[in-house]
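Student: Please find one structure pasted underneath; my questions will follow.
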Amino acid sequence: MGIVRDNVMDLKVYIPGKPIEAVQRELGLERVVKLASNENPLGPSPKAMSAMEKALNDIKLYPDGSAHYLKEALAEHWGVNQTQLFLGNGSDEIIAFLALAFINSGDEAIMANPSFPRYEPVVKMMNGVPIEVPLTEDFRHDLKAMAQAISDRTKLIFICNPNNPTGTIVSKSEVDEFMAQVPDHAVVIFDEAYFEYVAKADYPNGLDYLAQGKKVIVLRTFSKAYGLAGLRVGYAITEPDLVIALEKVRPPFNVNLVGQAGAFASLQDEEYLRYSIAENNKGLQYLYSEFDRLNLPYVVSHTNFVLFNCLKDANEVFQSLLKKGVIVRALGLQSWIRVTVGTQEENEIFIKALEEVL
Ligand SMILES: *Cc1c(COP(=O)(O)O)cnc(C)c1O
């Protein structure tokens, strides 16, 4: 008998990208542009920066394990009760806690494919059964097929909206219809990591289903539009009972002191958030126009990244771009590549490199 649990033996190790400096040195490049992880190229609000600098003075102390001020600010921001809020070391951590708190051996979790790659392994880790439902032809969640996949064993249903890596959304009427078919024994997780970027009128806010009394958990994060990916602060909004279940599996100091201060301050700076989103939209429009010029198909995005078709082997194009100092993401989807919207300068470097490679 092995020491490692069978389920853990079966999991794959996440292979992180190399640090930018290492790639730069290895390839002898002057500059490396990383457009691989959907980070906000503008970074956080200056107000968040000064709040974090100030917080460094208290770094000898443990963080506030209840994240009192951040929860207070989030409760006000979203018009929910503090008892409905749960904070994580990134929403990534919360996704793992969902499996830890809710998946019994043999429970099923429904998710789209391709979608965010963390849902499947956390379910397997708990000896749960991931049920993967392919996206529609237009790269969106197939909510009809996902509703048909519901069984007596369904415990969690992940709706990544907008979906990573496609940038697509499902509409309010589609989700309304889906929600009407979800039985009481299943919890619907709306992963809304890109919520702030979506401007479409028929985009459903997961919080509305919570207000209707449905069993839902809404995941949001400071990593994307707020530009704080390195701090690791994400949160869930749900009913108090489910918050309590998640609290039971949480280490007491999972959200660090600097992170709480930076997230709190960035919530107060709506103007910077709007600026960030406006810049992202300009970048998206630029990339669309360049993909049009190069005759490359792409999926219209509601996020800060775009999935485009390079019409060649994506892994080879990825490698060639890397040699030129541009890091994108090939996801094992034939000729499709995901690129994060960078600054205008970064976007231009990317397009120039892409044109040369193709
Ligand atoms: C980036 C991302 C996350 C993870 O965000 P963190 O809060 O940084 O852990 C979760 N879900 C989706 C869909 C994402 O794209």
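Read-outs: derived from the displayed coordinates by stated rules, not from any lab. Values in this document were obtained by computation on a predicted structure and should not be read as measured data. Note that we place each Cβ from the backbone using ideal geometry, even for glycine, and neighbour counts take in every protein chain shown.
Student: Could you give the alpha-carbon Rg of region 63-135 over 2.2 N^0.38 Å, rounded to two decimals?
Tutor: Taking the Cα Rg and dividing by 2.2 N^0.38 Å, one obtains 1.35.
Student: Running a GNM on the chain with Cα contacts under 10 Å, which residue among Phe178, Phe308, Phe158 ends up with the highest mean-square fluctuation?
Tutor: Looking only at Phe178, Phe308, Phe158, the largest GNM fluctuation is found for Phe178.
Student: Let me ask something additional. Long-range amide H contacts for Asn113: which residues qualify at under 5 Å (H placed 1.01 Å from N, peptide plane, sequence gap of 5 or more or a different chain)?
Tutor: Sorted by chain and number, the residues that satisfy this are Val133, Leu135.
Student: With the Cα gyration tensor of region 130-265 in hand, convert its eigenvalues to equivalent ellipsoid semi-axes via √(5λ) and list them largest first in whole Å. The partial results should precede the final answer.
Tutor: On the way: eigenvalues 137, 74, 36 Å².
Largest first, region 130-265 gives 26, 19, 13 Å.
Student: Report the GluC sites (Glu not before Pro) located in region 117-185 that are in a DSSP loop and have at most 13 other Cβ atoms inside 10 Å of their Cβ, or state none. Please list the in-between numbers first.
Tutor: On the way: sites: Glu132, Glu137, Glu174, Glu177; in loops: Glu137.
For GluC sites (Glu not before Pro) across region 117-185 that sit outside H, G, I, E and B with at most 13 neighbouring Cβ atoms in 10 Å, the list reads Glu137.
Student: Please compute the length gained on full extension between Arg25 and Glu355, using 0.36 nm multiplied by the number of residues separating them and subtracting their Cα-Cα distance.
Tutor: Answer, rounded to one decimal: 116.4 nm.
Student: Would you mind computing, in nm to one decimal, how far apart the modelled labels at Asp6 and Arg293 are, each placed 7 Å from Cα along Cα→Cβ?
Tutor: 5.7 nm
Student: At what distance in nm do the modelled label points of Asp138 and Thr343 sit from each other, each positioned 7 Å from its Cα along Cα→Cβ?
Tutor: Going by the 7 Å Cα→Cβ label model, 3.7 nm.
Student: Also, I was wondering about something else. Using only Cα positions of the chain, each an equal point scatterer, no hydration layer, compute I(q)/I(0) via Debye at q = 0.09, 0.15 Å⁻¹ and quote the log10 values to two decimals.
Tutor: Ignoring solvent entirely, the Cα scatterers give -0.52, -1.44.
Student: For region 221-306, build the convex hull from the C-alpha positions and give me its volume per residue in Å³.
Tutor: 133 Å³
Student: With a point put 7 Å past each Cα toward its Cβ, work out how far Lys282 is from Asn113 in nm, to one decimal.
Tutor: 4.2 nm
Student: Explain nothing, just the number: relative contact order of the chain, from Cα pairs under 8 Å at least 6 residues apart, as a whole percent.
Tutor: The normalised contact order for the chain reaches 24 percent.
Student: What residue among Glu346, Glu196, Glu30 has the largest mean-square fluctuation in a Gaussian network model of the chain, using Cα springs under 10 Å?
Tutor: Its mean-square fluctuation being the largest, the pick is Glu30.
Student: Listed here are the pairs Lys282/Lys312; Lys224/Lys323; Lys47/Lys248; Lys71/Lys215; Lys172/Lys215; which of them are more than 24 Å apart at the Cα?
Tutor: Values: Lys282/Lys312 27 Å; Lys224/Lys323 27 Å; Lys47/Lys248 33 Å; Lys71/Lys215 21 Å; Lys172/Lys215 17 Å.
Beyond 24 Å: Lys282/Lys312; Lys224/Lys323; Lys47/Lys248.
Student: Could you let me know the centre-to-centre spacing of region 310-358 and region 63-131, using Cα atoms, in angstrom?
Tutor: 32 Å
Student: Now for a different question. Given q = 0.15, 0.20, 0.21 Å⁻¹, what are the Debye log10 I(q)/I(0) values for region 20-69, with equal point scatterers placed on the Cα positions and solvent ignored?
Tutor: Taken in order of the listed q values, log10 I(q)/I(0) reads -0.72, -0.86, -0.87.
Student: Check which residues have an amide H placed less than 5 Å from Ile189's amide H, if you skip close sequence neighbours.
Tutor: HN-HN under 5 Å from Ile189: Ile157, Phe158, Ile159, Ile217.
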